[in-house]
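Let me begin by presenting the structure, written as C-alpha cells, before commenting on it.
The values are calculated or read from the model by the stated rules, or taken from the named source; none is laboratory data. Remember, it's a predicted structure, so these values are computed and weren't measured experimentally. Every residue, glycine as well, gets a Cβ built from its backbone with ideal geometry; the counts of neighbours run over all protein chains shown. We work out accessible area using only protein heavy atoms, side chains counted, and drop any ligands, DNA or RNA first. Shrake-Rupley method; radii C 1.70, N 1.55, O 1.52, S 1.80 Å.
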Amino acid sequence: MTVHASFPDAALEPAPLLTVSGVSRFYGERIGCADVSFDLWPGEVLGIVGESGSGKSTLLRCLAGIDKPDAGEVLFRAGPEPLDIYSVSEQERRRLMRTAWGIVHQNPRDGLRMDVTAGGNVGERLMDRGDRHYGKIRERALDWLQRVEIAGSRIDDRPRQFSGGMQQRLQIARVLVSEPRLVFMDEPTGGLDVSVQARLLDLLRVLVRDLGLAAIIVTHDLAVARLLTDRLMVMKDGHVVEQGLTDQVLDDPHHAYTQLLTSAVLSV
Amino acid sequence: MTTMIQVENVAKTFTLHNQGGTRLPVFDDVNFTVEAGEALVLAGASGAGKSSLLRILYGNYRPTSGAIRITHAGRPVDIVSAVPRTVLDIRRRTLGFVSQFLRVIPRVSALDIVRDPLLARGASQGEASDRAKAMLTRLNLPERLWNLAPATFSGGEQQRVNIARSFVDPSPIMLIDEPTASLDAANRDVVVELISEARTAGSAIVGIFHDEAVRERVATRYLDITSFRKAA
Amino acid sequence: MTMHQVPAEDTKPAYNYAYLDEQTKRMIRRALLKAVAVPGYQVPFGSREMPLARGWGTGGIQVTAAIIGPSDALKVIDQGADDTTNAVSIRKFFERTADARTTEATEEATIIQTRHRIPEAPLKSGQVIVYQVPMPEPLRKLEPREAETRKMHAWAEYGLMQVKLYENIARFGEVTTTYDYPVLVNGRYVTAPSPIPKFDNPKMHMSPALQLFGAGREKRIYAIPPHTSVKSLDFEDHPFRIQSWTEPCGLCGAGDSYLDEVVIDDRGARMFVCSDSHYCETRRAEGHRGAMLGDAALTGLVEETKP
C-alpha cells in the first residue's frame with residue numbers, strides 16, 4: 001500500500017521509515033509469525049495486539065533485529081539509503097540499535113544496568129556515540145530524568161533503589177536520550193500497578209507526540225493500545241488477522257477474533 | 001458553495017462472527033452531499049443508525065461498500081479507502097468529531113485537553129493557553145477546575161471540556177453527536193451559539209440533536225435517514 | 001636458536017635454552033609479531049605450564065623466554081624493586097635456564113620484565129619491556145561474556161568503558177582508578193596497561209622501547225610498538241591526572257618519582273621513598289640526599305652509600 005496512489009500530498013513524508021515485507025519466523029513445525037507486511041511512517045505509533053502466544057513478541061524481536069526471521073525483509077530508512085536490517089553487518093545493526101532506534105523491555109532489568117547509577121544509565125548512549133564531556137553528559141541526563149519525572153536528586157542512585165514504575169521510566173529515558181527515530185516497546189506497562197501504568201502511559205503519549213517518534217508497541221491491553229497507538233495489528237496464531245486505524249479496529253472489528261477480543265474487555 | 005462531504009453509494013452491514021455469523025444490515029445506497037456553511041441535521045427514529053452514519057463519515061466505522069469524499073486541503077479524498085495516516089491527517093486538519101462523552105486521559109488537565117488541538121495545528125503555547133481559557137470561560141467551567149484532570153468532574157463538566165476542545169479551533173467539517181444531552185439551559189445556549197458561529201465562519205456541520213428546540217435553532221437542512229434503511 | 005649444550009658432568013637438568021621448547025617459542029613469537037602488527041589487540045596464545053604458579057608472572061616469563069638470547073641483559077622488577085622475592089626468583093630462573101646476564105641498571109638492560117612499575121629512567125630505543133599481566137581484558141569487569149567483549153573491541157564500542165569512568169566521577173568527584181588505568185592504544189584498542197600505577201601511564205605514550213604484555217593464566221599476548229600513541233581515557237572536563245605527593249623521596253630527595261609509603265616504627269612514623277629502587281640508589285650514588293636518609297641508615301633500613 002502506497003500513499004501516493006490515494007493521496008499524492010507532498011506535505012506528507014515521502015517514504016516510510018520502516019517497510020516490512022513477508023516476515024516469517026518458525027520454530028520447527030510451530031509458527032512464530034507468518035508473512036507479516038506493513039509500512040510504518042515517521043511519527044506513527046503502531047500497536048500489535050493479541051493474546052499470549054499469538055506471535056506478537058516474536059514479531060517484535062524480528063522487527064527490532066534481535067532475532068532473524070526465516071523469511072522476509074525489513075527496510076529501515078534512517079539516512080538517504082534504506083538499510084535492509086538483516087543484510088547489514090552486525091556492527092551496523094548494533095550501531096543502529098544504540099542510536100536510531102531503541103527497545104523498551106517489559107522488564108526494566110533487561111534494559112537497564114542495575115549496578116550503574118541513573119545518570120550513567122541515561123548517559124551511556126551519549127558516551128557510546130563519542131560524547132566525552134562529563135558536565136554536558138550529566139546535564140543531558142538530568143534533563144531526561146526530569147522529563148520522565150524522576151527527581152534530579154536521584155541521578156546518582158542505582159536502579160535497584162527505584163520502584164518498578166521509576167525503573168521503567170528510567171529505561172525510557174535511557175533509550176530516548178539518543179533521540180531515536182523508532183522505538184520498540186514490549187508490554188511497557190506490564191507488571192505495573194494500575195495507577196503507575198496511567199502515569200507511564202500519559203508520559204509515553206506526551207513524549208511520542210513531542211518527539212515525533214515512530215513506535216511499535218506490543219501489548220495485550222486494548223486500553224493501552226487505544227491510548228497510545230494510531231494503528232493496530234491484531235495477531236492470532238502467528239498471523240495478522242486484521243489491521244487498520246486503532247479506533248476502526250476496536251470500534252468496528254471485522255474479524256471474528258478481533259470481535260472476540262474487543263467484547264472480552266469491559267470498556268475501552 | 002464548496003462541497004465538503006460527498007457520500008456515494010455507501011452501504012453498511014455488521015457481521016457478528018461470534019453470534020453465529022448474524023448479519024445486521026444498516027444502510028444501503030446512501031447518497032448525499034454537505035456544503036461548507038450549512039448545518040445538516042440527521043433525522044430519524046431512535047435506532048435508525050444516525051450515530052453509525054456519523055461514525056462512518058468520521059472513518060471510525062468502515063462501510064461495506066461505497067465512497068465518502070472529504071474535501072481535505074482543497075481536494076477530495078476518499079476516507080473509506082485512504083491509508084490510516086491519511087485518515088489521521090484528515091482528522092487532524094479537516095474533520096472534527098464532537099461526542100457526548102469525553103474520553104478521559106489520565107492526569108491531563110482540562111486546560112491541556114482544550115489546548116491540545118491548537119498545539120497539534122501549530123499554535124504557540126501562549127496563544128493556545130489564551131484561547132483555551134477563553135473557551136472554558138465561555139462554557140462556564142469554574143477556573144478552579146482548569147488545572148485538574150477531568151476524571152473526577154461531573155458528566156456535564158466533562159461534556160463542556162469536550163465541547164471546548166472541539167470548538168476552540170473549529171474544523172472545516174464538524175460531526176456532532178448529541179452535544180447538549182446533559183447540559184443546563186444556559187450552557188445549551190452557548191453550544192448552539194458555538195455551532196452557529198462555526199457554521200457562519202464556513203464550517204460544514206453534520207449533527208444529531210435529540211433536543212427539538214436545539215435542532216431547530218441549529219439546522220439549515222434536514223436529512224431523514226430512514227429512507228436509507230436496508231430492508232432486513 | 002640452538003639447543004643449550006649441557007656438559008655431561010653438569011648436574012643441571014637438560015632443559016632447552018630458556019626453559020621453553022623451540023616450537024613453543026616460535027608459537028609465542030608468532031603471537032608477538034601479530035600483537036606488534038595490531039597494537040593493543042589481545043592475541044590468544046597457547047600458554048604453557050611454567051615452574052611457578054599462574055598469577056606469579058607466567059605470561060611475562062614466557063614472553064621473555066621467547067625473545068631472550070645470550071647477548072641480552074635482563075632486569076626484573078616487582079613493585080619497582082629489583083630485590084623482592086618474585087623479581088629475584090625470576091632473575092635466577094633465567095640465569096639458570098638462559099645463561100642470561102642480569103642487571104639492576106635500567107640503562108644497561110635490553111629486556112626489562114616488570115610487574116607493577118615502569119622504571120623512572122626513560123627507556124631507550126632498542127630496549128624491550130615485558131609486562132606481567134594478570135587481567136588482560138579491560139572490559140571484563142563491565143561485561144562478563146568473552147564473545148561480547150571481543151565484539152566490543154572489534155567494533156570499538158567503548159561507551160561502556162567511559163560509563164565506568166563516569167560512575168567514578170559521579171560518586172567520588174574524580175576517577176578513582178589508580179592502577180591498571182585503561183588506555184587507548186594507537187587510537188584504536190582500549191587496553192589494560194597491567195597493574196602499573198596510573199603515574200606510569202604517560203611513560204607508555206610514544207615510548208622508544210618495544211612494550212610486550214603477557215597474560216599466562218588468561219592466555220593472551222599484546223603489544224605496543226615503539227613510538228605508538230597511548231592515551232589514558234578521560235573526559236574533556238575531567239582530564240587524566242597522575243598521582244602527586246606533597247613531599248619528595250625521603251632517601252634520595254627525588255620529586256619526580258613514584259613514591260611508596262613505608263611505616264618505619266611501631267608508633268606510626270612513616271616515610272615516602274622511591275618505589276624504583278635502582279633509580280633511588282643511582283640518585284643517592286650521585287650525591288642526592290633525602291631528609292630522612294640519615295635516620296633510615298641509623299635504623300638499618302638502607303645502607304648509606306658514600307658518594
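Those strands (runs of 3 or more DSSP E) of the range C:230-291 that lie entirely within it include none in which at least 1 residues are outside the structural domain of C:PRO122 (by TED's automatic domain parsing), out of contact with any strand residue (DSSP E or B) (no Cβ under 7 Å at 6 or more places or on another chain) and without any contact (Cβ under 8 Å) to a residue 40 or more places away in the chain.
Tell me, which residue of the range A:101-113 that is part of a loop (DSSP other than H, G, I, E, B) and open to solvent by 20 Å² or more (accessible area, probe 1.4 Å) is farthest from A:ILE217 (Cα to Cα)? Walk me through how you get there before you give the answer.
Narrowing the range A:101-113 to residues part of a loop (DSSP other than H, G, I, E, B): A:105-107, A:112-113.
Going one step further and asking which of them are open to solvent by 20 Å² or more (accessible area, probe 1.4 Å), we end up with A:105-107, A:113.
Numbers: A:HIS105: 11, A:GLN106: 11, A:ASN107: 14, A:ARG113: 23 Å.
Among them, the one singled out is A:ARG113.
Mind checking which residues of the range C:224-255 are open to solvent by 50 Å² or more (accessible area, probe 1.4 Å) and either in contact with a helix residue (DSSP H, G or I) (Cβ under 9 Å, 6 or more places away or on another chain) or under 30 Å from C:VAL36 (Cβ atoms) (or both)? Scanning the range C:224-255 gives C:PRO226, C:HIS227, C:LYS231, C:GLU236, C:ASP237, C:HIS238, C:PRO239, C:ARG241, C:ILE242, C:SER244. Consider C:ARG140 carefully, then state whether it is modelled with pLDDT under 95, over 15 Å from C:GLN211 (Cα atoms), touching a helix residue (DSSP H, G or I) at 6+ places or on another chain (Cβ under 7 Å) and basic (Lys, Arg). So C:ARG140 passes the test.
Of the residues examined, A:ASP35 is not one that is open to solvent by 20 Å² or more (accessible area, probe 1.4 Å) and either among the basic types (Lys, Arg) or assigned to a helix (DSSP H, G or I) (or both). Checking the stated criteria, C:LEU139 turns out to be under 21 Å from C:TYR41 (Cα atoms) and either part of a loop (DSSP other than H, G, I, E, B) or not assigned by TED's automatic domain parsing to the domain that holds C:PRO208 (or both).
Here B:SER81 does not qualify as open to solvent by less than 50 Å² (accessible area, probe 1.4 Å) and within 13 Å of chain A (Cβ to nearest Cβ).
Scanning the range A:38-56 for residues that are modelled with pLDDT under 90 and in a helix (DSSP H, G or I) yields no hits at all.
Of the residues examined, B:ASN18 is one that is outside any loop (DSSP other than H, G, I, E, B), surrounded by fewer than 18 Cβ atoms within 10 Å (Cβ to Cβ) and within 14 Å of chain A (Cβ to nearest Cβ). Going through the range A:23-45 one residue at a time, which ones are more than 17 Å from the chain's Cα centre (by Cα) and farther than 16 Å from A:VAL241 by Cα? Of everything in the range A:23-45, those that are more than 17 Å from the chain's Cα centre (by Cα) and farther than 16 Å from A:VAL241 by Cα turn out to be A:ARG25, A:PHE26, A:TYR27, A:GLY28, A:GLU29, A:ARG30.
Across the range C:165-191, the number of residues qualifying as within 24 Å of the chain's Cα centre (by Cα) and more than 26 Å from C:GLN79 (Cα to Cα) comes to 4.
Across the range A:121-160, which residue is farthest from the other protein chains (Cβ to nearest Cβ) among those that are among the small types (Gly, Ala, Ser) and open to solvent by 30 Å² or more (accessible area, probe 1.4 Å)? Outline the logic, then answer.
Filtering the range A:121-160 down to residues among the small types (Gly, Ala, Ser) leaves A:123, A:130, A:135, A:141, A:151-153.
With the extra rule that they be open to solvent by 30 Å² or more (accessible area, probe 1.4 Å), the set shrinks to A:130, A:151, A:153.
Details: A:GLY130: 8, A:ALA151: 16, A:SER153: 13 Å.
Ranking the candidates gives A:ALA151 first.
Among the residues making up the range C:245-280, those that are under 20 Å from the mean Cα position of the chain (by Cα) and polar (S, T, N, Q) are C:SER257, C:SER275, C:SER277. Since A:VAL88 meets every condition but one in (1) among the hydrophobic types (A, V, I, L, M, F, W, C); (2) within 12 Å of another protein chain (Cβ to nearest Cβ); (3) part of a loop (DSSP other than H, G, I, E, B), which condition does it not meet? Result: A:VAL88 fails condition (2) only. Condition check: at pLDDT below 95 and in a helix (DSSP H, G or I). Does A:LEU227 satisfy that? Against the criterion (at pLDDT below 95 and in a helix (DSSP H, G or I)), A:LEU227 qualifies.
The single condition among (1) farther than 24 Å from B:GLY20 by Cβ; (2) more than 9 Å from chain B (Cβ to nearest Cβ) that A:LEU227 does not meet is (2).
Could you count how many residues in the range A:48-78 are open to solvent by less than 40 Å² (accessible area, probe 1.4 Å) and on the phi < 0 side of the Ramachandran plot? Walk me through how you get there before you give the answer.
Initial filter on the range A:48-78 (open to solvent by less than 40 Å² (accessible area, probe 1.4 Å)): A:48-50, A:54-56, A:58-60, A:62-65, A:67, A:69, A:74-76.
Going one step further and asking which of them are on the phi < 0 side of the Ramachandran plot, we end up with A:48-49, A:54, A:56, A:58-60, A:62-64, A:67, A:69, A:74-76.
The total comes to 15.
Can we say A:GLY244 is in contact (Cβ under 8 Å) with a residue 12 or more places away in the chain and facing another protein chain (nearest Cβ under 7 Å)? Show your work before the answer.
Details: in contact (Cβ under 8 Å) with a residue 12 or more places away in the chain: yes; facing another protein chain (nearest Cβ under 7 Å): yes.
Taking the combined requirement at face value, the residue satisfies it.
Screening the range B:53-71 for residues that are part of a helix (DSSP H, G or I) and touching a residue at least 12 places away in the same chain (Cβ under 8 Å) and picking the one that is surrounded by the most Cβ atoms within 10 Å (Cβ to Cβ) gives B:LEU53.
Anything in the range A:193-211 that is open to solvent by less than 30 Å² (accessible area, probe 1.4 Å) and either away from chain B (no Cβ under 11 Å) or of a type in the set (Gly, Ala, Ser) (or both)? List them, or say none. Can you show your working first?
Initially, the range A:193-211 is screened for residues open to solvent by less than 30 Å² (accessible area, probe 1.4 Å), giving A:198, A:200-204, A:207-208.
Correct list: A:ALA198, A:LEU204, A:LEU207, A:VAL208.
Applying the set (1) within 20 Å of the chain's Cα centre (by Cα); (2) within 9 Å of chain C (Cβ to nearest Cβ); (3) within 16 Å of C:LEU142 (Cα to Cα) to A:THR117 leaves exactly one unmet item: (1).
Answer yes or no as to whether C:PRO202 is part of a loop (DSSP other than H, G, I, E, B) and open to solvent by 10 Å² or more (accessible area, probe 1.4 Å). No; evaluated as a whole, the condition is false for this residue.
Just checking, does the range C:3-18 include any residue being at pLDDT 95 or above, open to solvent by 20 Å² or more (accessible area, probe 1.4 Å) and either in contact with a Leu (Cβ under 9 Å, 6 or more places away or on another chain) or of a type in the set (Gly, Ala, Ser) (or both)? Step through it out loud before you land on a result.
Taking the range C:3-18 first, the residues at pLDDT 95 or above are none.
Scanning the range C:3-18 turns up no residue that is at pLDDT 95 or above, open to solvent by 20 Å² or more (accessible area, probe 1.4 Å) and either in contact with a Leu (Cβ under 9 Å, 6 or more places away or on another chain) or of a type in the set (Gly, Ala, Ser) (or both).
State whether the residues of the range B:125-140 include one that is away from chain A (no Cβ under 14 Å), open to solvent by 60 Å² or more (accessible area, probe 1.4 Å) and in a loop (DSSP other than H, G, I, E, B). Yes, some residue in the range B:125-140 is away from chain A (no Cβ under 14 Å), open to solvent by 60 Å² or more (accessible area, probe 1.4 Å) and in a loop (DSSP other than H, G, I, E, B).
Just the residues that are surrounded by fewer than 17 Cβ atoms within 10 Å (Cβ to Cβ) and hydrophobic (A, V, I, L, M, F, W, C), please, taken from the range C:39-67.
Answer for the range C:39-67, where residues must be surrounded by fewer than 17 Cβ atoms within 10 Å (Cβ to Cβ) and hydrophobic (A, V, I, L, M, F, W, C): C:LEU52, C:ALA53.
If we scan the range A:218-237, do we find a residue that is without any contact (Cβ under 8 Å) to a residue 24 or more places away in the chain and surrounded by fewer than 17 Cβ atoms within 10 Å (Cβ to Cβ)?
Looking only at the range A:218-237, we keep the residues that are without any contact (Cβ under 8 Å) to a residue 24 or more places away in the chain, and these are none.
No, because not a single residue in the range A:218-237 is without any contact (Cβ under 8 Å) to a residue 24 or more places away in the chain and surrounded by fewer than 17 Cβ atoms within 10 Å (Cβ to Cβ).
Of the residues making up the range C:150-175, just one is surrounded by 19 or more Cβ atoms within 10 Å (Cβ to Cβ), touching a residue at least 24 places away in the same chain (Cβ under 8 Å), of a type in the set (A, V, I, L, M) and more than 9 Å from chain A (Cβ to nearest Cβ), namely C:VAL175.
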